[in-house]
Amino acid sequence: MPGLVPASQFLYMNGDDGRIIGMIQVRHELNDVLAKLGGHIGYCVRPSCRGRKEAAKMLKLALEYCDEALHLPWVMISCRRDNPASEHTILACGGKRDRIVIDPETGKEACIYIITRAGKNYE
């Protein structure tokens, strides 16, 4: 279908009880829309599991997948500017703010981050 890109969806589950903690999607490439806002990775964490650094654990695993399976030298990830928890997660995983954009759907500011993989350059 036009506009779609290949992606992998992962469930992050509690090993004790099998409950889903969160989901993370890794887009294998960027189209024009994702290159402006969205990026390679999107994730969500169950509200009852927030504040326990689960998002950072998920993101680190997704970054390993981007490096080892997809061989991406860098990934782009975004979050709304009014979401400090997500910004903290991205920064903790090596994100560097690249720019701030306006989401055309919501009119809100979004921060775009680049995370480079070991020894690789963002171009």
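Using only the Cα atoms, what convex hull volume per residue in Å³ does the chain have?
123 Å³
Could you line up Met23, Met13, Met58 from fewest to most neighbouring Cβ atoms inside 10 Å?
Met13, Met23, Met58
So what are the range 16-57's ellipsoid semi-axes, whole angstrom, largest first, if each one is the square root of 5 times an eigenvalue of the alpha-carbon gyration tensor?
26, 10, 7
If you take every DSSP beta bridge whose two residues both sit in the chain, what share of them, in percent to the nearest 5, is antiparallel?
Restricted to the chain, the bridges split so that about 95 percent are antiparallel.
Which length gain, in nm to one decimal place, applies between Asp103 and Arg80 when the Cα-Cα distance is subtracted from 0.36 nm times their residue separation?
My answer for the length gained is 7.4 nm.
Identify the GluC sites (Glu not before Pro) of the range 35-120 meeting these criteria: DSSP loop state and at most 12 other C-beta atoms within 10 Å of the C-beta.
Glu105
Here, each number is a calculation from the coordinates, and none is a lab measurement. Since we're looking at a predicted model, the values are computed, not measured. Backbone-built Cβ (ideal geometry, glycine too); neighbour counts: all protein chains shown.
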